[in-house]
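Trainee: My questions will all concern the structure given below.
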Amino acid sequence: MPGIDETARAIVADGKGILAADETVSTITKRLTARAIESTADSRRAYREMLFSTPDLTAFIGGVILQDETIRQDGSTGIPLIELLARRGIIPGIKVDAGVHPLAGAPGEFVAEGLDGLRDRLEEYHELGARFAKWRAVFVIRDGLPTAKCIHANAHALARYAALCQEQGLVPIVEPEVLMEGAHALERCEDVTGRVLHAVFNELFDAQVSLEGMLLKPNMVTAGNGFARQASVEEVAEATLRVLTRHVPPAVPGVVFLSGGQDHVLATEHLNAINMLDGPKPWKLSFSYGRALQDEALEVWRGQRERVPAAQQVFHHRAWCDSAAALGRYSG
Ligand code: 13P
């Protein structure tokens, strides 16, 4: 069985990225019902199976993040969905945080929970076939936020999670997400993202997490979505690479960005522009998109079996675009 370093590198091998399909039941229910699709265990299974069985995906998608319901579900042919992925050479992963909850004594801020019992859950997920995991912390930008307390609490939890994953033979994806919501300028996002990454790597060091056996899943550096002047694609790319260069050690094999509510084409363009920049880029710079990879396919699918091939076609196209962007070869 490959070790965690090898698995981490395989997930982001040339042109490959991650499909984040780990929406909780309540989040995917919102996305389905917004398109008049009833959310049942079976419709959620059918939706994920449509994505996972898209032909010719393996060159673009190195890993898929599942959540607890999906990792236990069988596809329509009786083959477990996780097995469907593994047979195609796509590495299955699992979301293991228990969501974000208000952080005590820090109004307006959140901490990701889920450390209690995590060792046992990781052991079971490994048994079920997962080879990597994901934990998402969020940081809000407002006047005076994020506080040092919130940054520290979340960085510490991310490091404890990452150490437990490695102990159980799983690659941790460390996801500190500075949210796009807000009326702040790009410079503010750059400053906050830098402070967050600094704290996260400090905690990872103290927890003796092996950087070679993990992946980082950060936000890109953008202006807040309520800010009057949105930055250009080049400005986003430059600020994002600058903050990574300053705060992410070269030993980390891959940085896989979240899309965070960006338009899907813009998410592709930003990733491509980052990869096109000159300067040292010691990590693979790729994607771990949820909405930006899925939204078009979900819109086309609409819960109807006869629309599966058309939905798979648009999903394949978007994965192809993001894969090209991960190589700096996307041309619109
Ligand atoms: P988005 O790309 O939709 O932000 O989702 C990625 C993810 O996994 C968030 O945790």
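Trainee: Taking segment 270-299 only, how many residues are within 15 Å of the ligand (Cβ to nearest atom), surrounded by 21 or more Cβ atoms within 10 Å (Cβ to Cβ) and more than 17 Å from the chain's Cα centre (by Cα)?
Mentor: Final tally of qualifying residues: 2.
Trainee: Okay, moving on. What helices (runs of 4 or more DSSP H), lying completely within segment 1-95, carry at least 1 residues that are touching a Pro at 6+ places or on another chain (Cβ under 7 Å)?
Mentor: Details: elements: 4-11, 25-33, 41-52, 68-71, 81-87.
Ranges flagged: 4-11, 81-87.
Trainee: Here is a follow-up. So, in segment 247-262, exactly how many residues are within 16 Å of the ligand (Cβ to nearest atom) and crowded, with 19+ Cβ neighbours inside 10 Å?
Mentor: Going through segment 247-262, the residues within 16 Å of the ligand (Cβ to nearest atom) turn out to be 254-262.
This time we only want the ones that are crowded, with 19+ Cβ neighbours inside 10 Å, so: 254-260, 262.
So the answer is 8.
Trainee: Next question. So if I check each of GLU177, GLU190, GLU212, which one is more than 18 Å from PRO250 (Cα to Cα) and in contact (Cβ under 8 Å) with a residue 60 or more places away in the chain?
Mentor: GLU177
Trainee: Further question on the same structure: Just a yes or no: is a residue in segment 135-152 aromatic (Phe, Trp, Tyr) and in contact with a helix residue (DSSP H, G or I) (Cβ under 8 Å, 6 or more places away or on another chain)?
Mentor: Narrowing segment 135-152 to residues aromatic (Phe, Trp, Tyr): 135, 139.
From the residues that got through so far, the ones that are in contact with a helix residue (DSSP H, G or I) (Cβ under 8 Å, 6 or more places away or on another chain) too are 135, 139.
Checked segment 135-152: at least one residue is aromatic (Phe, Trp, Tyr) and in contact with a helix residue (DSSP H, G or I) (Cβ under 8 Å, 6 or more places away or on another chain).
Trainee: Here is a follow-up. Surrounded by 18 or more Cβ atoms within 10 Å (Cβ to Cβ), on the phi < 0 side of the Ramachandran plot and of a type in the set (S, T, N, Q) - does that describe any residue in segment 6-19?
Mentor: yes
Trainee: Taking the stated definitions as given, is ALA267 of a type in the set (Gly, Ala, Ser), within 19 Å of ALA319 (Cα to Cα) and in a helix (DSSP H, G or I)?
Mentor: Details: of a type in the set (Gly, Ala, Ser): yes; within 19 Å of ALA319 (Cα to Cα): yes; in a helix (DSSP H, G or I): yes.
So ALA267 fits the description; yes.
Trainee: On the basis of being touching a helix residue (DSSP H, G or I) at 6+ places or on another chain (Cβ under 9 Å), over 24 Å from ILE91 (Cα atoms), at pLDDT 95 or above and surrounded by 20 or more Cβ atoms within 10 Å (Cβ to Cβ), does LEU186 make the cut? Step through it out loud before you land on a result.
Mentor: Details: touching a helix residue (DSSP H, G or I) at 6+ places or on another chain (Cβ under 9 Å): yes; over 24 Å from ILE91 (Cα atoms): yes; at pLDDT 95 or above: yes; surrounded by 20 or more Cβ atoms within 10 Å (Cβ to Cβ): yes.
Considered against the rule, which asks whether it is touching a helix residue (DSSP H, G or I) at 6+ places or on another chain (Cβ under 9 Å), over 24 Å from ILE91 (Cα atoms), at pLDDT 95 or above and surrounded by 20 or more Cβ atoms within 10 Å (Cβ to Cβ), LEU186 comes out as yes.
Trainee: Out of VAL314, VAL248, I need the residue that is of a type in the set (Val, Ile, Thr) and closer than 30 Å to LEU204 by Cα. Which one? Step through it out loud before you land on a result.
Mentor: Details: VAL314 fails: closer than 30 Å to LEU204 by Cα.
None of the other options fit; the residue is VAL248.
Trainee: I need the full set of residues from segment 68-99 which are out of contact with any Ser or Thr (no Cβ under 9 Å at 6 or more places or on another chain), buried (at least 19 other Cβ atoms within 10 Å of the Cβ), of a type in the set (A, V, I, L, M, F, W, C) and without any contact (Cβ under 8 Å) to a residue 60 or more places away in the chain, in order please.
Mentor: Across segment 68-99, the qualifying residues are ILE71, LEU85.
Trainee: Can I ask one more? Look through LEU158, LEU118 and report the one residue that is more than 16 Å from the ligand (Cβ to nearest atom) and either among the β-branched types (Val, Ile, Thr) or at pLDDT 95 or above (or both). It would help to see each step written out before you state the result.
Mentor: Working: LEU158 fails: more than 16 Å from the ligand (Cβ to nearest atom).
Matching residue, one of LEU158, LEU118: LEU118.
Trainee: Suppose the filter is away from the ligand (no atom under 13 Å from the Cβ), at pLDDT 95 or above, more than 21 Å from ALA10 (Cα to Cα) and not small (Gly, Ala, Ser); does GLN312 pass it? Walk me through it before giving the result.
Mentor: Working: away from the ligand (no atom under 13 Å from the Cβ): yes; at pLDDT 95 or above: yes; more than 21 Å from ALA10 (Cα to Cα): yes; not small (Gly, Ala, Ser): yes.
Answer is yes for this residue.
Trainee: Continuing with this model, one more query. Examine segment 201-212 for a residue that is within 15 Å of the ligand (Cβ to nearest atom) and surrounded by 21 or more Cβ atoms within 10 Å (Cβ to Cβ), and state whether such a residue exists.
Mentor: no
Trainee: Now for a different question. I'd like to know if segment 116-128 contains one or more residues that are crowded, with 16+ Cβ neighbours inside 10 Å, not in a helix (DSSP H, G or I) and not β-branched (Val, Ile, Thr).
Mentor: No: zero hits.
Trainee: Another question about this same structure. Can you go through VAL236, VAL265, VAL243 and tell me which one is modelled with pLDDT of 95 or more and either surrounded by fewer than 22 Cβ atoms within 10 Å (Cβ to Cβ) or within 14 Å of the ligand (Cβ to nearest atom) (or both)? Walk me through it before giving the result.
Mentor: On the way: VAL236 fails: either surrounded by fewer than 22 Cβ atoms within 10 Å (Cβ to Cβ) or within 14 Å of the ligand (Cβ to nearest atom) (or both); VAL243 fails: either surrounded by fewer than 22 Cβ atoms within 10 Å (Cβ to Cβ) or within 14 Å of the ligand (Cβ to nearest atom) (or both).
Checking each option against the conditions leaves just VAL265.
The values are calculated or read from the model by the stated rules, or taken from the named source; none is laboratory data. Being a predicted model, the structure only gives us computed values, none of them experimental. Neighbour counts run over all protein chains shown; Cβ positions are idealised from the backbone, glycine included.
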